[in-house]
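Novice: Please read through the structure below; I'll follow up with questions.
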Amino acid sequence: MFNNEEKNEREERPQATFFRFEDLRIYHKSLDYNNWLNDVSTLYPDNDKTQLIQRFSNSARNITFFIAEGSARNKSQFIYYLKLAKSSIRECLVCTSLAYKANNLSDTHEEESRNQLMEMTKMIGALISSLQRSANNHNNYGDPNYNSRSRHDDQMPVPEHVRNDMMSDY
């Protein structure tokens, strides 16, 4: 689509972002993983009766979607969406293992996928910890008796596109 010169120019050009998630390194790491998966999926057999690559791609995209959606919410909701992103990372790891066991991923690709997924898990974990520390330091002006956890935190709805993915057979 773009030649290398145009691509390098786009990557080097500093841009002010309107959307907060575009400033997050984990968002860009998830985009890189999606691009990597798209490249690797061309090696996957066209007659995939299990629809594993479709499930794999959906899970990888969900990582990115959850980061973007959560960033527009309050801190406790953002943490919730980051946890959903971590769930999608685990789904990607299962898909990696299934594809590897079916000899659809090489040793190198399996290791690359695992390494990227582990790195994203660590990045999201660090972001969650940072948000939790920030929330604890700013809620109720430091009152140690204040319970920052909303009684609705565990009752947040699962986004419909995820619910559909969870219910689909692969």
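The values are calculated or read from the model by the stated rules, or taken from the named source; none is laboratory data. Predicted model only: the values in this text are computed from it and were never measured. Don't worry about glycine lacking a Cβ; one is built from the backbone with ideal geometry, like all the others, and counts go over all protein chains shown. We work out accessible area using only protein heavy atoms, side chains counted, and drop any ligands, DNA or RNA first. Shrake-Rupley method; radii C 1.70, N 1.55, O 1.52, S 1.80 Å.
Novice: Would a scan of region 75-97 turn up a residue that is open to solvent by 30 Å² or more (accessible area, probe 1.4 Å), outside any helix (DSSP H, G or I) and free of Cβ contacts under 8 Å to residues at least 40 places away in the same chain?
Specialist: Within region 75-97, none of the residues are open to solvent by 30 Å² or more (accessible area, probe 1.4 Å), outside any helix (DSSP H, G or I) and free of Cβ contacts under 8 Å to residues at least 40 places away in the same chain.
Novice: State whether one or more residues within region 25-37 are open to solvent by less than 40 Å² (accessible area, probe 1.4 Å) and modelled with pLDDT under 95.
Specialist: no
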